[in-house]
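Trainee: Dropping a structure here in structure tokens format, bear with me for questions.
The values are calculated or read from the model by the stated rules, or taken from the named source; none is laboratory data. Quick caveat, the model's predicted, so the values are computed rather than measured. In this analysis, Cβ positions are derived from the backbone assuming ideal geometry, glycine residues included, and neighbour counts consider all displayed protein chains.
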Amino acid sequence: MNSPMTKEEFQVYLEKYADQIDHFRQLAHDLHQSVNQTYAGSLPYGFHLDMVVEGVRNYGYLVCVREADVLPLFFGAYYHDSIEDARLTYNDVMREAGLLMSTEQALMATEIVYALTNDKGRTRAERAGEKYYKGIRETPYAPFVKLCDRLANITYSCTGEGNKGTRMKEVYKGEMPHFLPSINPHSNDPRLAVPVEVVEALAEILIDEVDKDEIQRQWGEL
């Protein structure tokens, strides 16, 4: 398995594929708008998707091992909620991805989306059980995209206003001891990595909510 690319190499590919990535963005925004999905009650759902992709832009070089994986990584991030929330099926995602990338890339992108799709369940815990996390741990780039998704949600919840933001801060705080180990497969494959740099970003945001020593202890046990 190749090593992750350098930050400079990743930036070159972001510039090379800027138009395609922006096209993914518009398609994903339009998709969630078509089902009237919002974020935090009043924001367009694209607001959340953009925050997730910001994490991919900032930290993707830590996991991305080759040029061919750049587009699947961004497609997976933009479409990560398309099955769960926008009424697409696995085959729908594969078909749409196949119009935009090679078959191999489309399969990688669709597997990321599928891995991040919650299971059926009555509660949050049931929807994100061991089967769900196992799928994330086994799918290239899924642990990283899930981590970026959590970073986006925590960032908004800890900087947003209103009772829902306060409630979700407590939810995320309570989930931290279980969440980080659950998405980490302890693999030498960089595509399955849970980068410490992103974990540290989470800790910095939650510094007033979670004891930093506890976060560092959890990281040491991953």
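Trainee: With the structure loaded, tell me whether Gly76 is touching a residue at least 12 places away in the same chain (Cβ under 8 Å), farther than 25 Å from Lys131 by Cβ, surrounded by 18 or more Cβ atoms within 10 Å (Cβ to Cβ) and small (Gly, Ala, Ser) or whether it fails that test. So that I can check it myself, show each step before the final result.
Mentor: Numbers: touching a residue at least 12 places away in the same chain (Cβ under 8 Å): yes; farther than 25 Å from Lys131 by Cβ: no; surrounded by 18 or more Cβ atoms within 10 Å (Cβ to Cβ): yes; small (Gly, Ala, Ser): yes.
In short, no.
Trainee: Also, I was wondering about something else. Out of region 33-64, which residues are farther than 25 Å from Cys158 by Cα, of a type in the set (A, V, I, L, M) and surrounded by fewer than 17 Cβ atoms within 10 Å (Cβ to Cβ)?
Mentor: Correct list: Val35 only.
Table: residues versus (1) in contact (Cβ under 8 Å) with a residue 12 or more places away in the chain; (2) under 19 Å from Val52 (Cβ atoms).
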position: Asn2; (1), (2): yes, no
position: Leu14; (1), (2): yes, yes
position: Asp19; (1), (2): no, no
position: Arg25; (1), (2): yes, yes
position: Leu31; (1), (2): yes, yes
position: Asn36; (1), (2): no, no
position: Ala40; (1), (2): yes, yes
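Trainee: So, one more: Could you check region 46-104 for helices (runs of 4 or more DSSP H) lying wholly inside it with 2 or more residues that are under 11 Å from the mean Cα position of the chain (by Cα) and modelled with pLDDT of 95 or more?
Mentor: The qualifying helices (runs of 4 or more DSSP H) are 70-78.
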